[in-house]
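Beneath this line is the structure, given in structure tokens, with notes to follow.
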């Protein structure tokens, strides 16, 4: 017996491919993919008005997605921490005998702003992800967050958020070298995005980047004949390091936004 083969209609051939719900939620900035899977399993996600509670479900890319108030409350409880990382600490897991910067998140190292009402809890140190690493020999603003939305915003491949650094250097920099630092250099065979690089004073440069390749600034400087002797991150998006003392941390305030 011949098996009939169904030919898709013209309309069906032009329908967009369904996407995994958790991936779409992360792409829209609703949460991280891991958080999305948890919310789906708990029945906290509605797609076009209907609860979807099966992990791995696929949906139309233009669908409406709503989070239950329980998910919103859980997100409100997530913390983001701003740390002024000193030299000698690694951003993530301990390596070569050096401690991760997260060990500095203790009650006695907290810097409290006058308008801060949040109480410190040990649970605020759980599942903190570093959103934008700093080298062991670099200092300044390091973001650690429990919130997948913030992590994605800051370290996603197409993140629009600027990072500003003050970089102390040794060596001579020509006008052409300064132009190359702003645009025209490549690392590992890949062209770098345009940057904003200018002199802060006679031995310090100001870098504003929209990407964060490993040891990027140090390698950029080497390419134009400079040696970096000090590097400090002072701003991520609209959030500034300010007067936060080295080795101390504070909570991201509710009215602060990176973008």
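Looking only at residues of region 161-179 that are surrounded by 15 or more Cβ atoms within 10 Å (Cβ to Cβ) and more than 25 Å from the chain's Cα centre (by Cα), we find that the one that is nearest to residue 142 (Cα to Cα) is 169. Contact list please: Cβ distance under 9 Å, first residue in region 163-176 and at positive phi, second residue surrounded by 10 or more Cβ atoms within 10 Å (Cβ to Cβ), pairs at least six apart or on different chains. From residues that are at positive phi, the pairs are 171/221; 171/224; 171/225; 171/226; 171/227.
Taking the condition loosely packed, with under 14 Cβ neighbours inside 10 Å and either assigned to a loop (DSSP other than H, G, I, E, B) or in contact with a strand residue (DSSP E or B) (Cβ under 6 Å, 6 or more places away or on another chain) (or both), does residue 212 pass? No: the conditions fail for residue 212. Cβ separations smaller than 7 Å between residues 6+ apart or across chains give the following pairs from region 18-29 residues that are free of Cβ contacts under 8 Å to residues at least 60 places away in the same chain to residues that are assigned to a loop (DSSP other than H, G, I, E, B): 18/60; 19/61; 20/56; 21/52; 21/57; 24/61; 25/31. Could you list, in sequence order, all residues of region 149-169 that are in contact with a helix residue (DSSP H, G or I) (Cβ under 9 Å, 6 or more places away or on another chain) and assigned to a strand (DSSP E or B)? Scanning region 149-169 gives 163, 165, 167, 169.
Based on this model, can you work out whether residue 118 counts as touching a residue at least 40 places away in the same chain (Cβ under 8 Å) and over 11 Å from the mean Cα position of the chain (by Cα)? Yes. Residue pairs whose Cβ atoms lie under 7 Å apart, sitting 6 or more positions apart in sequence or on different chains, and linking a residue in region 79-99 that is more than 27 Å from residue 149 (Cβ to Cβ) to a partner that is outside any loop (DSSP other than H, G, I, E, B) and at pLDDT 85 or above, are 86/139; 87/139; 88/98; 94/100; 98/90.
Can you name the residue in region 1-26 that is at pLDDT 85 or above and out of contact with any helix residue (DSSP H, G or I) (no Cβ under 9 Å at 6 or more places or on another chain) and is also nearest to residue 71 (Cα to Cα) among such residues?
Looking at the filtered set, the residue picked out is 18.
Confirm whether residue 157 is surrounded by fewer than 16 Cβ atoms within 10 Å (Cβ to Cβ) and either modelled with pLDDT under 95 or within 18 Å of residue 30 (Cα to Cα) (or both). For residue 157, the condition - surrounded by fewer than 16 Cβ atoms within 10 Å (Cβ to Cβ) and either modelled with pLDDT under 95 or within 18 Å of residue 30 (Cα to Cα) (or both) - is met. Restricting to region 180-209, name every residue that is more than 22 Å from the chain's Cα centre (by Cα) and in a strand (DSSP E or B). 186, 198, 199, 200, 201, 204, 205 - these are the residues of region 180-209 that are more than 22 Å from the chain's Cα centre (by Cα) and in a strand (DSSP E or B).
Condition first: surrounded by 15 or more Cβ atoms within 10 Å (Cβ to Cβ), touching a helix residue (DSSP H, G or I) at 6+ places or on another chain (Cβ under 9 Å) and not in a strand (DSSP E or B). Now tell me which residues in region 87-110 satisfy that. Listed by number, the residues that qualify are 89, 91, 102, 105. Out of everything in region 67-86 that is crowded, with 16+ Cβ neighbours inside 10 Å and more than 30 Å from residue 140 (Cα to Cα), what residue ends up being modelled with the lowest pLDDT? Of everything passing the filter in region 67-86, 71 is modelled with the lowest pLDDT.
The values are calculated or read from the model by the stated rules, or taken from the named source; none is laboratory data. From a predicted model like this one, the values you see are computed outputs, not experimental measurements. Note: ideal-geometry Cβ built from the backbone for every residue, glycine included; neighbour counts use all protein chains shown.
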